[in-house]
Each structure stands twice: as structure tokens, then as C-alpha cells.
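The values are calculated or read from the model by the stated rules, or taken from the named source; none is laboratory data. Source: prediction; values computed, not measured. Please note: Cβ atoms are built from the backbone with ideal geometry, for glycine as well, and neighbour counts cover all protein chains shown. For accessibility, only protein heavy atoms count, side chains too; no ligands or nucleic acids. Shrake-Rupley method; radii C 1.70, N 1.55, O 1.52, S 1.80 Å.
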Number of protein chains: 2
Amino acid sequence: MDTQPAPDRRRLPPDERRRQIVEGAVAFFADVGLEGNTRDLAKRLGVTQSLLFNYFAAKSDLLEAVYEHVYLNRLSDDWPTLLTDRNRSIRDRVLHFYDDYSKLIFQYEWMRIFMFSGLAGAELNRRYLDHLGRVIFGPLLAEMQAAAPDPQSIEIEDLWNLHGGIVYIGIRQHIYQVPCPDDPTKAITRAVDRFLAAFDIT
Amino acid sequence: MDTQPAPDRRRLPPDERRRQIVEGAVAFFADVGLEGNTRDLAKRLGVTQSLLFNYFAAKSDLLEAVYEHVYLNRLSDDWPTLLTDRNRSIRDRVLHFYDDYSKLIFQYEWMRIFMFSGLAGAELNRRYLDHLGRVIFGPLLAEMQAAAPDPQSIEIEDLWNLHGGIVYIGIRQHIYQVPCPDDPTKAITRAVDRFLAAFDIT
DNA sequence: AACCTTATTGATCATACGATCATTAGTTGG
DNA sequence: CCAACTAATGATCGTATGATCAATAAGGTT
């Protein structure tokens, strides 16, 4: 047996250390919740608890950085363009969107931190869902109505239902941690196809 | 202005006090999460913090009572019977079930405590979902397969998708607290009808 | 009305946690 | 190789929190 390879690599460049702390904090708070304590986090990072306060004046500031790290770039700007590209079938577009989207959100850290902050009443979640409604489901509803024989039959609430059924896979996987399909693609495809068929969208 | 009407109604019968504490604790922990502290709970109840420990040896015991109060009778024994009653149409049975079920679970306290305990990794949630799968979705799948022209086309995962889309209404309402339909009946009915139509179940 | 039982309280303890700061030691530039 | 800068540490503070227990007083019984 040899000596421990890196007993304590102290004195990282501040940028790097900060990044390390934030990424560790994301993983940590995703596990234990936003009320996880700074001592346990420091232990997991292999640094002292006081070091955290050299980089963040208060725990709430660290949580802000965690939010920013997790929420940033979670919604691609390309999706509205993708969803309104009438050179492709609605089915193609929706499946492509949910393929991308599920890869982004069906992740342990995102799912859990989103849920933790939602339960804490964070405004961030409402803003996110509002954004999702305006930027994704608004245009998508218009596209579907344009493609459906009876446009008035589709409502925004139907889209939320489609969405909820899909998101629920991630909730089962990462929140309740019950057995569910490793690859959600099949379930998503079937749900989308049922949805489009119901409105006679081809 | 008069004196306070009931400054402190002390000395309730133990059973009644215990019930009052548990019910208050359900509401309290649903609001602030399972890590809410006993002093705030006592303040909300209008009793001293130490009184709580006369009824529960530890906070964890109080939480057990909260779980029991919230989870108990959340799954009616009648539903399996209802769902397998072939004198009624599948549509009737499913709508009836989700009418009952949504009334039971689309409640602030249930939704939030279920989510809080799920995030905390509680075995209770897995047991509940497992029970749901065996007692509700198992029989329901069999009924649908018996009623569908192509029985093999329906999978249990499709039922979870239907379920998730419906449950997501409650999640939006009570977890994220975003605008959503006051009465979910319409959205549920539409989702169920789309589902049954997709499998040609009449 | 006095008494007794016990539900309830108030004071208190031990620990957990966020936050602070003087001290230590890793790294870089000359 | 040394000095200066500062990243990182360790000790410590104040408060919050779960839990304990002797003292108190509400409410029924006689």
C-alpha cells in the first residue's frame, strides 16, 4: 500500500476552486436537499467548512450559484425554431424536442433541485414554467392547430397533460426512485403518437 | 376591544390533544417541509414546544404519526372492485376512479408531504407506488387488454404515462403553485378519452 | 370547597449549524 | 532560493434546535 495519492491539494486558483465548490454543492444539495449543512458539504469536497465562506458570503449566496448552475442553459434557444419548422412533420419536431428535452431534464441533479426549490416556493420555478409555456407550448399549440383538421379541439391544457406524462417518468426515476424504463424514448414516442392520433395530426 | 377570547385552553383530553397536534403537524410540515422545527410548530398550535414531547418521544415519532395520518385510507379498497366491474364501460370505470382519486390526492397536504417524503428517500413512497401498480394498474391493464382489439398493444408503462399526465396537474397546483384548472375533471376526461381512443377501446 | 390526578408549562441542557477571523502554508515572481 | 501574496485552515462565537424534567395549575371527584 502506498501513501494517499493527494492528501490535500490545497491552494487551487480561485476560479477553479469556486467551480469545484459549486459543482460539488449541486450534487450535494441534490442529494440531501437545500437545507443540507455546510459542514457535510465541505467534508464531501475535502475542504474545510470555513473555506466555503471565503467564496460565498453566506449559504444563501452559494445556493444562488447552485440555482444558476443548474438552471442556466436548461432551455435551448433552438427549440422554438425547431418546433416551428414546417419543413418537418409535427411528429418529427415533437419527438426531436422531447428527445433533447428529456436528455436535459431527466437527470438526478436537475430533477431534484428543481423539486426542492419548487417545494421551497422559489419564484425561479414559476418563471421557468411560465417561460416553458410561452416559448415552447405556445408555439407548439399553434403548430398543432395549424396541422389539425379541427384546430379548436386542441387546448394548451392538453399539451400540459402530454408534458406531464413525460416528465412523470423523470419524477419516478429520480424523486421516488422506483423502477422505470432506462431509456424513456419508447414511452415518449408512444405518448406523442397517441396524442397526435387523438387530434388527427399526421 | 375586548380581552382575548381564549388565551390558552389548556388541559385537553390526551386523545384530543394528540389529534390536534398531528393535524397541526400535517399542515405545518406540508408548508415548510419535514425539517420544520418544533418551536414553530408549537407556536402555530398555540402550545409550548415541550408539550409536543409529552405526546411523541422524538420528532421522528411525530413524523411517523404525520405519515400515518396522511397515507392512511388514501387508497380505497373499493377501486379494484370498481375497475374490474365489467357491467360498466372501461371509460366509466376509469373516469370514476380518477374522479375519486383526484379528489383524494389533489390536496395541498397530501401532494406536498408525499413529495417531501419522496425526496427524503422514504420507503413509504415506493411502497405506495408499488401498491398502486399492483392493485390499480395491474387489474386496469388486464381490463383494458380484455376490451381492446389488440390487447398486446397496451403496456403498463402506457398506464403510468396516463397517470403521470393526470398527477402532474396536482404537482403544478400544489408544488410549483402555478396557474392551472380549478376543476381537473375536464382535463382528466380528455386525457382518458385520448388514451382509450388510441387503443380502440370503446 | 378541598383534593388529587396529570396535562401543561418554563427553564435548561447538549448539540448542530452558519458565520468570523487570526494564523498557517502553498505558490509565484524576482 | 527567498520573500510576498493569498488560498486555506483551525479555533471560536452566537444562535437555533431537539430533548429533558421539575414545577404548576386545570378539571374532575368526593
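Give the stretch B:85-95 a look and list any residue that's more than 17 Å from B:Gly138 (Cα to Cα) and open to solvent by 60 Å² or more (accessible area, probe 1.4 Å), or say none. Selection gives B:Asn87, B:Arg88, B:Asp92. B:Tyr98 passes every criterion in (1) under 25 Å from B:Ile171 (Cβ atoms); (2) more than 16 Å from DNA strand C (Cβ to nearest atom); (3) more than 14 Å from chain A (Cβ to nearest Cβ) apart from (3). Residues in the stretch B:163-202 that are touching a Gly at 6+ places or on another chain (Cβ under 8 Å), of a type in the set (A, V, I, L, M, F, W, C), at the interface with another protein chain (Cβ under 7 Å from one of its Cβ atoms) and closer than 20 Å to B:Leu83 by Cβ: 2 in all. Residues that are in contact with a Pro (Cβ under 8 Å, 6 or more places away or on another chain) and more than 10 Å from chain B (Cβ to nearest Cβ) within the stretch A:145-162 comprise just one, A:Gln145. Is at least one residue of the stretch B:6-23 at pLDDT 95 or above, away from DNA strand C (no atom under 12 Å from the Cβ) and under 22 Å from the mean Cα position of the chain (by Cα)? Checked against the condition, which is being at pLDDT 95 or above, away from DNA strand C (no atom under 12 Å from the Cβ) and under 22 Å from the mean Cα position of the chain (by Cα), the stretch B:6-23 yields at least one hit. Condition check for B:Ile105 on (1) free of Cβ contacts under 8 Å to residues at least 24 places away in the same chain; (2) in the same structural domain as B:Tyr128 (by TED's automatic domain parsing); (3) among the aliphatic types (A, V, I, L, M): one failure, at (1).
Could you list all residues from the stretch A:20-36 that are surrounded by fewer than 19 Cβ atoms within 10 Å (Cβ to Cβ) and within 11 Å of DNA strand D (Cβ to nearest atom)? Hits for the stretch A:20-36 are A:Gln20, A:Glu35.
Please identify the pairs in which a residue from the stretch B:157-173 that is touching a residue at least 60 places away in the same chain (Cβ under 8 Å) and in the same structural domain as B:Tyr108 (by TED's automatic domain parsing) has its Cβ atom under 6 Å from the Cβ atom of a residue that is among the aromatic types (Phe, Trp, Tyr) and open to solvent by 10 Å² or more (accessible area, probe 1.4 Å), counting only partners at least 6 apart or on another chain. From residues that are touching a residue at least 60 places away in the same chain (Cβ under 8 Å) and in the same structural domain as B:Tyr108 (by TED's automatic domain parsing), the pairs are B:Gly170/B:Phe106. Screening the stretch B:67-84 for residues that are open to solvent by less than 50 Å² (accessible area, probe 1.4 Å) and not in a helix (DSSP H, G or I) and picking the one that is farthest from DNA strand D (Cβ to nearest atom) gives B:Ser76. The one condition from (1) surrounded by 14 or more Cβ atoms within 10 Å (Cβ to Cβ); (2) more than 14 Å from DNA strand D (Cβ to nearest atom) that A:Asp40 does not meet is (1).
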